[in-house]
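The values are calculated or read from the model by the stated rules, or taken from the named source; none is laboratory data. Given the structure is predicted, the values throughout are model-derived calculations rather than measurements. Neighbour counts are summed over all protein chains in view; Cβ atoms, including those assigned to glycine, are modelled from backbone coordinates with ideal geometry. Accessible surface is based on the protein model in full, side chains and every heavy atom, while ligands, DNA and RNA are left aside. Shrake-Rupley method; radii C 1.70, N 1.55, O 1.52, S 1.80 Å.
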Amino acid sequence: MAFKATILTLYPDMFPGPLGHSLSGRALDKGLWQLETSQIRDHATDKHRSVDDTPAGGGAGMVLRADILAKAIDAAAPDDDPRPRLLMSPRGKPFTQKRAHALADGPGAVIVCGRFEGIDQRVIDARKLEEVSIGDYILSGGEIGAITMLDAVIRLIPGVMGNMESADTESFETGLLEHPHFTRPAEFEGMTIPEVLTSGNHKKIHEWRMSEAEKLTRERRPDLWRAYMADEDDVD
């Protein structure tokens, strides 16, 4: 069964967006994964198709109503649907490469894209939505976050990437940031390719790439470096 993503959103025209191009787009055309969108507003009950209301207790903004979103979720994913229900949220658990692999190995995901000030907490609890964040910043809605997350997942589905070996050395796969890359021309604006990369000595090339990956990680992501070193200590 192909990976299936169901997106609950107020802006279904935003999909597939970038997911309809390049690797994910070709994979979508080949049926390696499936995408469907569900318009939350279709489940509104008034003539204006309202989906939000003022926050209880006062405050700025509007809140997506629990009853309407619950109906949308129930219509898109019945109780026996095995897919995880994810809510794109800045207060969610950070999305990681490990989570991307886990999702890619599963049947798909039901992804709720919030808008306004947020969504009613009761529907999060009642429909067991797992809040997921793609970073410590605020977007206008969950759609861009959902696209970002799906792009990370889809490329890991078997058959999507032509050479899965190239994914094994990417940033976060080994706990380190990826090493620098070089290609032709041999000289560019006075800068040359490191000699080791043209030496043909695969052992030295591997050692150089590992050394550069460690250096970059230490400099740019001390949090990753600490975790990497902790894992190395555990192995020892």
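Results, tabulated for the structure shown:
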| quantity | calculated |
| --- | --- |
| Residue match in the stretch 205-227 (condition: touching a Gly at 6+ places or on another chain (Cβ under 7 Å), open to solvent by 80 Å² or more (accessible area, probe 1.4 Å) and part of a helix (DSSP H, G or I)) | no |
| Only one of Pro82, Pro78 that is closer than 16 Å to Leu8 by Cβ and free of Cβ contacts under 8 Å to residues at least 40 places away in the same chain | Pro78 |
| Candidates Ile7, Ile73, Ile68 - the one that is in contact (Cβ under 8 Å) with a residue 12 or more places away in the chain and touching a His at 6+ places or on another chain (Cβ under 6 Å) | Ile68 |
| Every pair of residues 6+ apart whose Cβ atoms lie under 6 Å, when the first sits in the stretch 87-112 and is within 17 Å of Ile144 (Cβ to Cβ) and touching a residue at least 60 places away in the same chain (Cβ under 8 Å) while the second is of a type in the set (Gly, Ala, Ser) and assigned to a loop (DSSP other than H, G, I, E, B) | Met88/Gly142 |
| Val51 open to solvent by 20 Å² or more (accessible area, probe 1.4 Å), in contact (Cβ under 8 Å) with a residue 12 or more places away in the chain and either farther than 23 Å from Gly162 by Cβ or not acidic (Asp, Glu) (or both) | no |
| Positions within the stretch 194-204 being closer than 15 Å to His181 by Cβ, assigned to a helix (DSSP H, G or I) and of a type outside the set (A, V, I, L, M, F, W, C), in sequence order | Thr198 |
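Listed here are the residues, each with its yes/no results for (1) surrounded by fewer than 17 Cβ atoms within 10 Å (Cβ to Cβ); (2) of a type in the set (A, V, I, L, M, F, W, C).
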residue: Ala2; (1), (2): yes, yes
residue: Ser24; (1), (2): no, no
residue: Ala27; (1), (2): no, yes
residue: Lys30; (1), (2): yes, no
residue: Trp33; (1), (2): no, yes
residue: Gly57; (1), (2): yes, no
residue: Ala76; (1), (2): no, yes
residue: Arg85; (1), (2): no, no
